[in-house]
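The values are calculated or read from the model by the stated rules, or taken from the named source; none is laboratory data. Small disclaimer: the values here were computed from a predicted structure and weren't measured. Quick reminder, even Gly has a Cβ in these numbers, built from the backbone with ideal geometry, and neighbours come from all protein chains shown. SASA here: full protein model, heavy atoms, side chains in, ligands and nucleic acids out. Shrake-Rupley method; radii C 1.70, N 1.55, O 1.52, S 1.80 Å.
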Amino acid sequence: QVQLVESGGGSVQPGGSLRLSCAASGFTSGYTGLAWFRRAPGKEREGVSCIHFSDGSTYYGDSAKARFTISKAAAKNMVYLQMNNVKPEDTAVYYCVTNLTPSPCQGVRGPGGHRGMDIWGKGTQVTVSS
């Protein structure tokens with residue numbers, strides 16, 4: 001049974017930084033990676049970033065590529081999202097997500113990909129405001 005627990009959310013000013021963490025457990029060899037999704041007020045859930053367990057390779061959505069960094073610890077049970085130069089439009093609930101098929105990175109890449117993701121954490125709120 002895979003368990004995902006997010007932490008690190010909070011309130012931050014525009015231009016500031018925040019580091020989110022995802023503590024994961026219960027993985028089998030069939031799980032290839034983790035992703036961060038977010039749901040902003042009035043918007044559908046969207047993929048932010050993903051990382052592969054095997055080699056640490058990553059993918060970023062357009063909104064995150066220039067400002068966010070996803071990483072993992074040496075063991076694949078902890079994944080981070082470093083958020084720099086945050087903007088008000090980054091305000092959202094951020095979720096740690098995984099899946100078997102399609103993979104988390106496939107979910108991040110495609111519009112509506114969140115619908116194919118089965119395992120979600122409870123989310124952590126990020127609020128960017130002055």
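See the values below:
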item: Enumeration of residues in region 100-120 that are touching a Leu at 6+ places or on another chain (Cβ under 8 Å) and not aliphatic (A, V, I, L, M); result: 104, 118, 120
item: Subset of region 24-41 (residues that are under 15 Å from the mean Cα position of the chain (by Cα) and open to solvent by less than 40 Å² (accessible area, probe 1.4 Å)); result: 24, 33, 34, 35, 36, 37, 38, 40
item: Single condition residue 119 does not satisfy, out of (1) under 14 Å from residue 48 (Cα atoms); (2) buried (at least 16 other Cβ atoms within 10 Å of the Cβ); result: (1)
item: Residue list for region 17-56, restricted to those being touching a residue at least 40 places away in the same chain (Cβ under 8 Å) and hydroxyl-bearing (Ser, Thr, Tyr); result: 17, 21, 25, 31, 32, 49
item: Lone qualifier among 86, 108 - being assigned to a loop (DSSP other than H, G, I, E, B), under 24 Å from residue 127 (Cα atoms) and β-branched (Val, Ile, Thr); result: 86
item: Where residue 59 falls short, out of the listed (1) in a strand (DSSP E or B); (2) under 16 Å from residue 127 (Cα atoms); (3) open to solvent by 20 Å² or more (accessible area, probe 1.4 Å); result: (2)
item: Residue within region 86-94 that is closer than 12 Å to residue 34 by Cβ and either more than 14 Å from the chain's Cα centre (by Cα) or hydroxyl-bearing (Ser, Thr, Tyr) (or both) present; result: no
item: Matching residues in region 8-23 - criterion: being open to solvent by 20 Å² or more (accessible area, probe 1.4 Å), under 21 Å from residue 108 (Cβ atoms) and either hydroxyl-bearing (Ser, Thr, Tyr) or assigned to a strand (DSSP E or B) (or both); result: 18, 19, 21, 23
